[in-house]
1. Has region 103-124 got any residue that is closer than 26 Å to SER227 by Cβ and among the β-branched types (Val, Ile, Thr)?
2. Given ALA197, ALA180, ALA234, ALA221, which one is surrounded by fewer than 18 Cβ atoms within 10 Å (Cβ to Cβ), out of contact with any Asp or Glu (no Cβ under 8 Å at 6 or more places or on another chain) and under 27 Å from THR53 (Cα atoms)?
3. State whether one or more residues within region 147-165 are crowded, with 16+ Cβ neighbours inside 10 Å and in a strand (DSSP E or B).
4. Only one of these conditions is not met by LEU273: (1) at pLDDT 95 or above; (2) surrounded by fewer than 16 Cβ atoms within 10 Å (Cβ to Cβ). Which number is it?
5. Please enumerate the residues belonging to region 92-105 that are assigned to a loop (DSSP other than H, G, I, E, B) and either of a type in the set (Phe, Trp, Tyr) or surrounded by fewer than 18 Cβ atoms within 10 Å (Cβ to Cβ) (or both).
6. Given THR141, THR128, THR168, which one is under 25 Å from HIS214 (Cβ atoms) and among the polar types (S, T, N, Q)?
7. Within region 112-133, track down each residue that is in a helix (DSSP H, G or I) and not basic (Lys, Arg).
8. Can you find a residue in region 175-194 that is within 21 Å of the chain's Cα centre (by Cα) and part of a helix (DSSP H, G or I)?
Amino acid sequence: MARRLRDVGYPIVAVHDAQRETAESVASELEAGAAERVSEVSRLAEVIFTVVTDDAAMRSIYFGPDNLFEHARGKFFVNCATISPAVHIEVEQAGAERGAHVLEAPMASSIPQAREGKLYMMLAGDQTAYRWVEPILEQLTCARHFIGKPGSAAALKALVNMVMNINTAGLAEGLGLAEALGLDLALVNDVFSQTGANSRVLETDGQDMIDREHSVFFSAAHAAKDSGIALSLAQQHGLQLPLLDASKRQFDRMVQIGLGGIDKSGISELTFLSRRAKD
């Protein structure tokens, strides 16, 4: 995202990452400062984009001893992580109290789309802030929707990933059974693509499952985490969602047996008889 914004003319003044080497590399490339403290980013920048892994990381960068809200007043914060809606709401309320403008902006895309300015973004929270940063967002996205009140974009993103993860688990089971039946997997993949078995997941993950190519675009650990967010929302509303529950348990198992760091397509390692991962 930083590279894309630099390409279209926005100055990148500071980069911070939990992995110092990553921050230094990107900062050097973009002629920006490699901020050692997260508070340095909000001190130097007018608009701050954040992408973190989970609720704990989000609370750390906003409420930890060294935090972005140390320099909050008048600044714009665009939070792109897929985390619990309640934490987005917590951050947005705290930002408003400090005179900051906070947007939640979870993304439904991956690394290539970020680099090309073709992210799909769901936004919620401070609509005035949204209008102010919209010219920047136009350079990062191919489509975006303002959903509404704080927490609503995060909830919708949880549903997006919930359905994607269920589809991924289903595709892995279909291909695993096809292999057990002795069917030609290339043919199966083609038939799936032309029938009711088709899906976006088939397009992104089908061949990778066959080829055992699990380079990370969206990790199994993130799939487990995001399915957990959706499951928590369902439980809060008294819903039983057995497909969500089952797919979450599959991704949880990947994490438990050391496969959490590979792409979610690696769920096929649990379903193909010839390669089934063991506990």
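1. At the first step, the residues of region 103-124 found to be closer than 26 Å to SER227 by Cβ are 103-114, 118-124.
The next check asks that each one be among the β-branched types (Val, Ile, Thr); those that pass are 111.
Yes.
2. Numbers: ALA197 fails: under 27 Å from THR53 (Cα atoms); ALA180 fails: under 27 Å from THR53 (Cα atoms); ALA221 fails: surrounded by fewer than 18 Cβ atoms within 10 Å (Cβ to Cβ).
Criteria check complete, one pass: ALA234.
3. yes
4. With respect to (1) at pLDDT 95 or above; (2) surrounded by fewer than 16 Cβ atoms within 10 Å (Cβ to Cβ), LEU273 is out only on (1).
5. Within region 92-105, ARG98, GLY99 meet the criteria.
6. THR168
7. Once the filter is applied, which keeps residues that are in a helix (DSSP H, G or I) and not basic (Lys, Arg), region 112-133 yields PRO112, GLN113, ALA114, GLU116, GLN127, THR128, ALA129, TYR130, TRP132, VAL133.
8. We begin by selecting, within region 175-194, every residue within 21 Å of the chain's Cα centre (by Cα); these are none.
Checked region 175-194: no residue is within 21 Å of the chain's Cα centre (by Cα) and part of a helix (DSSP H, G or I).
The values are calculated or read from the model by the stated rules, or taken from the named source; none is laboratory data. Keep in mind that this is a model prediction, so the values were computed, not measured. Virtual Cβ from ideal backbone geometry, glycine too; neighbours counted across all protein chains shown.
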